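Heads up, the thing below is written out as structure tokens.
The values are calculated or read from the model by the stated rules, or taken from the named source; none is laboratory data. This one's a predicted model, so the numbers in the text were calculated from it and none came from an experiment. Here the Cβ is made from the backbone with ideal geometry for all residues, glycine too, and neighbour counts use every protein chain on show. The area values use the complete protein model at the heavy-atom level, side chains included, leaving out ligands, DNA and RNA. Shrake-Rupley method; radii C 1.70, N 1.55, O 1.52, S 1.80 Å.
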Amino acid sequence: MSYKPISEIGEFGLIERLSKITAPSAKKRPELLEGIGDDCAVWQLGESEVQVVTTDLLTEHVHFDLLTTPMHHLGSKAISVNVSDICAMNAFPDYALISIAVPPKMPVEMVEELYRGIEHAASAYGLAIAGGDTSSSPSGLFISVSMTGRTTPEQLALRKGAALGDLICVTGTLGGSTAGLHLLQRERATMIEQMRNNEPYNKEVMAELQEYAEAIRCHLLPEARIDIIDFFSEEGIVPTAMIDISDGLVADLGHLCRRSGVGAHIDESRIPVLPEARAVAEEFQQDAFDWALTGGEDYQLLFTLPKSQYDLVAAHRDITVIGEITEKEEGMLLTDIFGMTIDMAEMKRGFDHFAG
Ligand code: ADP
Ligand code: MG
């Protein structure tokens, strides 16, 4: 038997292989409406209710760096990224379980600070922390959050369901999280250099971080768009398909299109890039559009709606129409700001944990 390194098939290749192993148990449960493959698993609770459930693991040195991440921000983010997946189903969050693996030398006060952030976010989103699990860790901090939410079968929005001619809409702005990450990584390098040289903390770094507070906030303290789910509920809007942007617009639009069996055509000039991200990108001599398209971790919602419902979202100042759903055969196209149309399949993809 020959062994294959995971990096050869990537994160999504691995999940696909694992889902084949677990398919038989899932098949035995007809009330399981969606298993592996959407932002949440979905099962029927009764005639008029469905439960949505998600889980996310945050790993030190992979998802966060304790040198640049305050513990209460980390706690808040751990909750927000899960609420974002619940919102992506057009559902509202109910309960969360928190599991942590902690290095034994970590101060108790740091873990308490993490939990203050968790509790603050939970209260803001109206969900309850109902339990969890605790373990020691030989290498770094791990935080796993599992969360349940609820909606009705009529309001449920899946990744599949986008139809030919539907409008492709995005909430808020993109690129902010990647801009914030670049600033924090530069700050980290400066801090390490200063520590090595026994120099005092450089105040200039701090001043720059304040100048770009919004981008840093996007990275450290993303907010799940539960306000948009409220808006949908008030206006009676049910997206034909929806996903949250965690891997990057191009990658997540790819997930939505694959599940829906459709293509997409988006217009780069319509993509709402965070203005501050443009300034940061200039400093780093990088492209803010590229950050918006492939950066990830912005936790905005990407959804589709029939054209006839355009008026319902047109007036919302935080929803932008960026393109249209096309036939599957047309693939995923992007018309750039110079009017050139390029195939998104050829662009750098979103984050893959095992990509080489
Ligand atoms: P998201 O970015 O929305 O959190 P992921 O890309 O992490 O979604 O996961 C995609 C799908 O794969 C989800 O339905 C998730 O439940 C499933 N999944 C991911 N990892 C595993 C795993 N190790 N075992 C089973 N299912 C998994
Ligand atoms: Mg998601």
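Just a few scattered comments:
- Of all accessible heavy-atom area on the range 229-331, the percent that carbon and sulfur account for (1.4 Å): 42
- Loop-located GluC sites (Glu not before Pro) in the range 1-109, at most 16 other Cβ atoms within 10 Å (DSSP): 31, 47
- Inverse mean reciprocal Cα-Cα distance (Kirkwood Rh) of the chain, Å: 21.5
- Between the amide H of residue 90 and those of 157, distances stay under 5 Å, these residues lying 5 or more places away or on another chain, with hydrogens modeled in the peptide plane.
- Highest average packing first - 183-191, 125-133, Cβ atoms within 10 Å: 183-191, 125-133
- Relative contact order (%) - criterion: Cα under 8 Å, at least six apart; region: the range 149-277: 49
- With contacts taken as Cα pairs under 8 Å and at least 6 residues apart, the chain reaches a relative contact order of 22 percent.
- Rounded percent of accessible protein surface that carbon and sulfur make up, the range 25-151, 1.4 Å probe: 57
- When the charge dipole of the chain is built from unit charges on Cβ atoms (+1 for Lys and Arg, -1 for Asp and Glu) and taken about the Cα centre, the candidate among 264, 156, 309 whose Cα reaches farthest toward its positive end is 156.
- Surface per residue (accessible, 1.4 Å probe) for the range 25-151, Å²: 47
- For the range 25-151, the dipole from Cβ point charges (+1 on Lys and Arg, -1 on Asp and Glu) about the Cα centre works out to 200 debye, to the nearest 20.
- Selection among 64, 88, 132 by position relative to the dipole of the chain gives 132 as farthest towards the positive end (Cβ unit charges, Cα centre).
- q = 0.15, 0.17 Å⁻¹: log10 I(q)/I(0) that the Debye formula gives for the range 25-151, counting C-alpha atoms only: -0.71, -0.86
- For the range 240-356: relative contact order, % (alpha-carbon pairs under 8 angstrom, 6 or more apart): 43
- Amide H contacts of residue 132 (H built 1.01 Å from N, in plane; Pro and chain starts excluded): 98 sit under 5 Å, all sequence-distant by 5 or more or on other chains.
- Computed from phi, the 3J(HN,Hα) profile of the range 224-239 under the Karplus parametrisation 6.51, -1.76, 1.60 (θ = phi - 60°) reads 5, 8, 5, 5, 6, 5, 4, 4, 4, 5, 5, 8, x, 8, 10, x Hz, with x in place of Gly and Pro.
- Note on residue 59 and residue 230: the extension gain reaches 58.5 nm, defined as 0.36 nm multiplied by sequence separation minus the Cα-Cα distance.
- Antiparallel %, DSSP beta bridges [both residues in the chain], to 5: 75
- Rounded to the nearest 20 debye, dipole of the chain from Cβ charges on Lys, Arg, Asp, Glu: 1040
- When only the Cβ of Lys, Arg, Asp and Glu is charged (+1, +1, -1, -1), the dipole of the range 300-356 relative to its Cα centre reaches about 220 debye.
- Rolling a 1.4 Å probe across the protein heavy atoms gives the range 232-356 an accessible surface of 47 Å² per residue.
- All other residues whose Cβ lies under 15 angstrom from that of residue 115 are scored, Lys and Arg at +1 and Asp and Glu at -1, for a net of -3.
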